[in-house]
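Here's the structure we're looking at; comments come further down.
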Amino acid sequence: MTSTKIANWRDALVERIRVEALPPEKFSHQARLYALARAIADGGTDAVDDDVLFGAAWVHDLGVFLGHRPSDPEQLKRWDSTTYTVAHAGPILLECGFPADKVAAAIECIRTHEGHGSPTTPEGAVLRDADLLEQLGAVAVMRTVAKIAQDTRFVVFADAADSLRKALEKVPGLIRLAAGREMAEPRIASLRAFLDALDAESGGMLR
């Protein structure tokens, strides 16, 4: 059972990220990520600390939010959002009442959460696979299209389409846990169907 104290720090962290997550469409990624990570863990992995998983999921993208990432396009090209988040997430977690003795574990999850990461803990392993799942399927389409004209890498529809094609090609092979691979299957199918329909309807005229 979740204690009142735990519920309060979790609520405080969610509300803090609601403020930090800019543009605002980036906010919902955190809730989906935690739900996916929890589902992967429940699907059969080593036991995970749910506090660590929740805290890491909700603060892991701090470095991609406006106000944290640089505004200069040249600096943004070299920006390492994960390194920034690792350096700045701890104080935010503590300010929200996150258990102090678990901060290091949450930061370690964040450090290895990207696709090229090598998680060292069960929490890190499920968080990494969950973040990869968010790069597939219908949600991935929504997240990618939302970047057009907001992210220097995405200027026209073709940029978004190319990014989604690369994800379809590379991301499935990066997912390591059996539960994550199973959850990826319908997302792979829906993303492939979308891209096939996009090619058929656009005739390649997306620039």
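Table for the structure above
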read-out: Which listed residue is acidic (Asp, Glu), assigned by TED's automatic domain parsing to the domain that holds residue 25, over 23 Å from residue 25 (Cα atoms) and surrounded by 16 or more Cβ atoms within 10 Å (Cβ to Cβ), from 101, 61, 51; value: 51
read-out: Residues satisfying the stated conditions in the stretch 64-93, i.e. touching a residue at least 24 places away in the same chain (Cβ under 8 Å) and either in the same structural domain as residue 147 (by TED's automatic domain parsing) or hydrophobic (A, V, I, L, M, F, W, C) (or both); value: 64, 65, 66, 76, 86, 89, 92, 93
read-out: Qualifying residue in the stretch 163-172 (condition: at pLDDT 95 or above and assigned to a loop (DSSP other than H, G, I, E, B)); value: yes
read-out: Total residues in the stretch 153-186, condition crowded, with 16+ Cβ neighbours inside 10 Å and in contact with a Pro (Cβ under 9 Å, 6 or more places away or on another chain); value: 2
read-out: Every residue from the stretch 137-152 that is more than 15 Å from residue 35 (Cβ to Cβ) and surrounded by 14 or more Cβ atoms within 10 Å (Cβ to Cβ); value: 140, 141, 143, 144, 145, 146, 147, 148, 151
read-out: Residues (over 18 Å from residue 45 (Cα atoms) and within 9 Å of the chain's Cα centre (by Cα)) located in the stretch 111-137; value: 114, 134, 135
read-out: Options 198, 132; residue that is in contact (Cβ under 8 Å) with a residue 24 or more places away in the chain and under 24 Å from residue 82 (Cα atoms); value: 132
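Matching residues to (1) over 24 Å from residue 15 (Cβ atoms); (2) not charged (D, E, K, R):
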| residue | (1), (2) |
| --- | --- |
| 103 | no, yes |
| 125 | yes, yes |
| 130 | no, yes |
| 174 | yes, yes |
| 187 | yes, no |
| 195 | yes, yes |
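The values are calculated or read from the model by the stated rules, or taken from the named source; none is laboratory data. If you're wondering where the values come from, they're calculated on a predicted model, not measured in any experiment. Positions of Cβ are backbone-derived with ideal geometry, glycine not excepted, and every protein chain shown enters the neighbour counts.
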